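Just so it is clear, none of the values below were taken in a lab; they were calculated from the coordinates. All of these numbers come straight from a predicted model, not from anything done at the bench. Reconstructed Cβ throughout: ideal geometry from the backbone, glycine too, with neighbour counts over all protein chains shown.
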């Protein structure tokens, strides 16, 4: 195992003349498609597919950090057979990806089959995985996950390979962070909207039944629990019914 900066140059996965073209093509594909994607899983699948295509790697995967469990969880994978999806979670500090997550520095392994720190040797043998470049994904120092790129033969990743995959990993980290923030914003907005609906329905119900707003709120909450429906949906029903009274 060796740090990415210490690796000797060798023939690239992609010929130098094709490097810039493939890189720009891959970035454009990711950027364009992300504009149409709304869900994290779709975005991740697109990123690993485009990265494998532009880098020439056999397998490309993304493991995202589970902050509660302090481990990396496989969330997307471009693999010829699909067996790589059986990969187990990686605790922080364990294995190659776990160490990269802690150090936040890229690491290359010439042959994972003989690397003592590599955790999934059986999987590597069954899938024909040999060389690995593990790239941290972070935004402003915050770890998002790790991107793994494998070849099916012994290979020394070139500086161009490393720079290309590092750029993609950095962009992917920003995209995922922004997606997380957008989803959180949408959740907050939905919760605020639901509260407004419940407040309006509570006032309406209290006035109609001549009861306190506290009692009206409890009626809405009880109906929500009994029907296993959100209070927002119950509130919508009350407001809708009032329009026909």
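What's log10 of I(q)/I(0) for segment 29-162 at q = 0.09, 0.16 Å⁻¹, Debye sum over Cα points only, no solvent?
-0.24, -0.79
Residue 86 versus residue 167, label points 7 Å from Cα toward the beta carbon: distance in nm?
3.7
Compute the length gained on full extension between residue 215 and residue 190: take 0.36 nm times their separation in residues and subtract their Cα-Cα distance, giving the result in nm to one decimal. It would help to have the intermediate numbers written out before the result.
On the way: separation 25, 0.36 × 25 = 9.00 nm, distance 2.42 nm.
Contour length minus the Cα-Cα distance gives 6.6 nm.
Roughly what percent of Cα-Cα pairs across segment 185-243 reach past 18 Å?
Summing the P(r) of segment 185-243 above 18 Å gives 30 percent of all pairs.
Just want to confirm a number: the relative contact order over segment 122-245, from Cα pairs under 8 angstrom separated by 6+ residues, in percent.
Working: 106 pairs, mean separation 21.5, N = 124.
It comes to 17 percent, rounded to a whole number.
Pulled fully out, how much extra length does the chain show between residue 229 and residue 243, if you take 0.36 nm times their separation in residues and subtract their Cα-Cα distance?
Working: separation 14, 0.36 × 14 = 5.04 nm, distance 2.12 nm.
Extra length from residue 229 to residue 243 when fully extended: 2.9 nm.
Return the FRET efficiency for the residue pair residue 222, residue 153: r is the Cβ-Cβ distance, R0 is 51 Å, and the value is rounded to the nearest 0.05.
Numbers: r = 65 Å, r/R0 = 1.28.
Once the sixth-power term is evaluated, E becomes 0.20.
Which whole number in µm²/s is D for segment 111-245 by Stokes-Einstein, with the Kirkwood Rh taken over Cα pairs at 4 °C and 1.567 mPa s?
On the way: Rh = 19.8 Å.
Value of D from the Cα-based Kirkwood radius: 65 µm²/s.
Assuming 0.36 nm per residue, please report the length gained on full extension of the stretch residue 208 to residue 126 beyond their Cα-Cα distance.
Working: separation 82, 0.36 × 82 = 29.52 nm, distance 6.92 nm.
The span from residue 208 to residue 126 would gain 22.6 nm if fully extended.
How far apart, in nm, are two points set 7 Å out from the Cα along the Cα-to-Cβ line at residue 117 and at residue 105?
Each label point lies 7 Å from its Cα, and together they span 1.0 nm.
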